[in-house]
Amino acid sequence: MAFLDGKRIAQGTDQQLAAFIAAQPPEQLSPLVFDANTGEQIDLSDPAALSGAMNSGATSNAARPGRPKLGVVAREVTLLPQHWDWLAQQPGGASVTLRKLVHTARRFSEGADRVRQAQVACYRFINAIAGNERGFEEATRALFTNNAERFMQNSETWPEDVRTEARRLANVAFAAVAPQPESTGAAK
């Protein structure tokens, strides 16, 4: 998404946005461009950065430690001696045990992670584009305290397109916090 002076002027893929920006006279157009999912600001003015982003999925043929064909990546882990001792005693060793612990932790924190990621995406966007708008600080507090009503109230005076996108991103966070309906199964 590309915004200029609080108005959405374009949306599409990074390549489409880059082409749109490149087609504009440079002195007339200096938009803020954002990733619609992460809220991150993107610099599409540098063609090298854009081509690097498009090629970032490419893999090199250099030998790497671990089991690259399985997607295993070797990295450093720093633990205290008693932690290494405990890991060494576990079935499968340290790597298997650490993978199991990470898998369990990810499952346990999945909901909280989803909320945090949605809040951060919204914050990135509003901080970059609405940081000077009236109600920004209060809206930010409302976002991180999961108060949808206060967020809506405090973003009311923002430019319409900015407000609409901020609320869309905030609603993802608020929906992730909302209790999910339980399946009732068989009637009682």
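FYI, it's all coordinate maths here, none of it is from the lab. Predicted model only: the values in this text are computed from it and were never measured. For neighbour counting, all protein chains shown are included, and Cβ atoms are generated from backbone atoms with ideal geometry for every residue, glycine included.
Just a few scattered comments:
- Sorted ascending by nearby beta carbons within 10 Å, beginning with the fewest, M1, M152 become M152, M1.
- Furthest towards positive pole of dipole, A118, G135, L101, structure part the stretch 92-149, Cβ charges: L101
- Length gained on full extension, Q41 to V177: 46.5 nm, using 0.36 nm per residue less the C-alpha separation.
- Gain on full extension, evaluated as 0.36 nm per residue between A128 and T78 minus their Cα-Cα distance, stands at 14.4 nm.
- Of the peptides 109-116, 160-167, 16-23, the ranking by mean beta-carbon count within 10 Å, highest at the top, reads 160-167, 16-23, 109-116.
- For Q117, net neighbour charge (Lys/Arg +1, Asp/Glu -1) across residues whose Cβ lies under 11 Å away: +1
- Legend: ranking of residues L44, L143 from fewest to most surrounding C-beta atoms inside 10 Å; resulting order L44, L143.
- Local electrostatic count, S155, Cβ distance below 13 Å [Lys/Arg +1, Asp/Glu -1]: -2
- Added length on full extension, which subtracts the Cα-Cα distance from 0.36 nm per residue, T104 to D5: 31.1 nm
- Cβ crowding within 10 Å averaged over residues, with 95-104, 120-129 ranked highest first: 120-129, 95-104
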